[in-house]
Amino acid sequence: MAKHRIGIMTGGGDAPGLNAVIRAVVKHGVGRLHWQVVGIEDSFNGLLDEPRRTVDLTPLSCRGLLHRGGTILGTTNQGDPFQYPDGEGGFRDRSAELAAAIQDEGLEGIIVIGGDGSQQIGARLMAEHGIPVLGVPKTIDNDLAATDFTFGFWSAVEVATEALDRLHTTAEAHDRVMLLEVMGRTAGWIALYAGVAGGADCIALPEIPYDIERFAGKIRERRRRGRQFTLFVVAEGARPIGADAPGHRPRGAAEQLAEALASRLEVETRVTVLGHLQRGGSPVPFDRVLATRFGVAAVNLIEQGRWGELVCLTGGEISSVPLSTLSMAPRLVDPQHPLLATARSVGVEFGAPLEG
Ligand code: F6P
């Protein structure tokens with residue numbers, strides 16, 4: 001009889017590094033500690049569907065996963081057992097069914113690899129059904145308050161930075177204003193870091209509604225200095241001053257900004273929307289290392305009987321916080337964040353005067 005038999009699932013949007021976490025849990029938990037680890041497919045749905053969709057994970061079945069994008073377990077945004085789609089446009093609560101399935105599978109508890117939504121579900125499963133849950137944070141947006149970084153973020157920044165490097169040369173060749181739209185509905189971390197890394201002249205963040213005149217002024221100023229092209233990074237949730245915050249699926253932020261510029265200046269604009277290219281493909285080394293650290297730490301916490309925690313990174317060290325105390329408010333870019341001042345010092349325009 002194995003000492004522990006646990007489930008593991010991935011929930012919400014994917015992020016490069018999910019497979020690296022699964023690999024680390026299995027290599028450490030199964031390979032070294034001789035536990036049983038059961039993969040649950042497509043978030044919690046694998047336990048709610050009939051027949052159930054679970055898979056015994058072994059070091060052999062997890063070979064070659066470190067650099068592989070996506071998730072071998074599959075994932076979905078439609079997997080909330082407390083609000084499960086009933087197929088008729090409504091929802092029903094299937095959390096008790098899920099709790100029964102977990103018991104029936106002989107699972108002591110579940111590692112939930114997911115963003116704020118999945119962690120919230122995990123916390124409710126613990127509080128309302130007594131199911132032991134161990135959280136591992138994930139999102140390319142890097143907007144979870146409990147951890148300095150989530151894996152997937154630096155992979156997204158890498159893709160966005162490479163895109164900026166490519167746009168840079170063609171912008172310069174054609175004397176154009178190039179706008180790159182990146183992910184980030186409410187938090188502009190990808191736009192900020194990629195913008196600084198890729199030498200963007202203007203960065204539009206969801207947290208800082210922009211004054212279009214300031215961006216137009218930046219283009220004019222560059223032209224006076226003989227720079228006929230300008231590079232923008234626009235987070236998908238960016239908006240002009242006075243506009244409402246966009247909804248769950250923002251569209252066209254960069255296009256809107258480009259049109260506003262064209263109505264003020266003699267300018268040729270081109271928009272590139274990076275979309276899910278930021279989420280696909282291999283994790284960069286930082287994300288592989290972080291995902292591996294998170295996976296091993298999750299196993300160690302369970303070994304110590306410390307279910308109910310969320311693994312995180314604070315000050316470069318692995319730590320954890322109780323899931324029950326988790327703030328689900330996204331960690332936004334603070335206009336006082338030192339990187340904004342740094343960016344400003346090298347000439348980046350954010351479309352608004354920055355405090356401090
Ligand atoms: O939350 C991560 C994220 O990548 C957001 O930045 C983006 O708005 C969203 O997911 C896109 O989600 P979907 O894959 O459902 O289109």
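No value in this document is a laboratory result; all are computed from the given coordinates. Just so you know, these numbers come straight off a predicted model, no measurement behind them. Note that each Cβ is placed from the backbone with ideal geometry, even for glycine, and that neighbours are counted across all protein chains shown.
Values computed for the structure shown
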| read-out | value |
| --- | --- |
| Whole-Hz ³J(HN,Hα) from phi, Karplus 6.51 cos²θ - 1.76 cosθ + 1.60, for the stretch 4-17, glycine and proline x | 10, 10, 10, x, 9, 9, 10, x, x, x, 6, 8, x, x |
| Percent RCO, i.e. relative contact order, over the stretch 1-75, from Cα pairs under 8 Å lying at least 6 residues apart | 44 percent |
| Ranked list, fewest to most other Cβ atoms within 10 Å of each Cβ, for His28, His276, His174 | His276, His174, His28 |
| Placed amide H near Phe151: partners under 5 Å, 5+ positions off or other chain | Thr139 |
| Shape call, the stretch 251-308: gyration tensor on alpha carbons, a/c limit 1.5 | prolate |
| Helix axis angle, 253-262 relative to the chain longest principal axis, alpha carbon, degrees | 0 degrees |
| Mean separation of Cα contacts under 8 Å, 6 or more apart, over the residue count of the stretch 98-241: relative contact order % | 20 percent |
| Rounded to whole Hz, the Karplus (6.51, -1.76, 1.60) HN-Hα couplings of the stretch 285-297, x for glycine and proline | x, 4, 5, 5, 5, 4, 4, 5, 4, 4, x, 5, 5 |
| Under-5 Å amide H pairs with Arg94, H placed in peptide plane, nonlocal only | Phe82, Gln83, Tyr84 |
| Karplus-derived 3J(HN,Hα), 6.51/-1.76/1.60, for each residue of the stretch 129-136, Hz, glycine and proline x | 10, x, 8, x, 10, 10, x, 10 |
| Under 5 Å, built H, 5+ apart or other chain: amide partners of Arg331 | Leu144, Ala145 |
| Least to most buried among Phe91, Phe229, Phe350 (fewest other Cβ within 10 Å first) | Phe91, Phe229, Phe350 |
| Residue order, fewest to most surrounding Cβ atoms within 10 angstrom, among Leu265, Leu323 | Leu265, Leu323 |
| Qualifying lysines (Cα of each under 27 Å from Cα of Lys27; at least 8 residues distant if same chain) | Lys3, Lys138 |
| Relative contact order %, the chain, counting alpha carbon pairs below 8 Å whose residues are six or more apart | 21 percent |
